[in-house]
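K.L.:
Structure provided below as C-alpha cells; questions to follow.
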Amino acid sequence: MMNRIGPGLVTLTIGALLIVSWEQPAYAYLDPGSGSFMLQVLFGGVAGAVVLFKMYWSGLRKKLGFRHKSTETDTDEQPR
C-alpha cells in the first residue's frame, strides 16, 4: 500500500530545503552586553508570568472547585 503525500507537503519540503541551502554571510556582531540583556528579558518574563499566575490563582481555584482549608480549629477560645 502506498502512502499518499499531498502536493502541499512536497512544495513545503522543497521550499524549506531551498531556504536552508541558500547561504549568505551574516555581518552581525553580538557584544557581551547582549547576552546579559537577553537574560534580563527572560527573567523579567518569568517573573511577570509568576506574578500574573499568583494574581489569578484564587479565582482559578474557585473555578476548579478547590476549597481553602480553614486554619481556625477552636473558634470558642478568646484571645488572651
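Readers should treat all values here as calculations from the given coordinates under stated rules, not as data from a laboratory. All values derive from a computational prediction rather than experimental measurement. Neighbour counts are summed over all protein chains in view; Cβ atoms, including those assigned to glycine, are modelled from backbone coordinates with ideal geometry.
K.L.:
Output wanted: per-residue J couplings in Hz (rounded whole) for region 12-23, from phi through Karplus 6.51 cos²θ - 1.76 cosθ + 1.60, θ = phi - 60°, x for Gly and Pro.
P.N.:
Per residue, the Karplus-derived 3J(HN,Hα) values read 5, 5, 5, x, 5, 5, 5, 5, 5, 7, 7, 9 Hz.
K.L.:
Please compute the modelled spin-label separation between VAL41 and SER21, points set 7 Å along Cα→Cβ, answer in nm with one decimal.
P.N.:
Reported label-point gap for SER21 and VAL41 is 3.3 nm.
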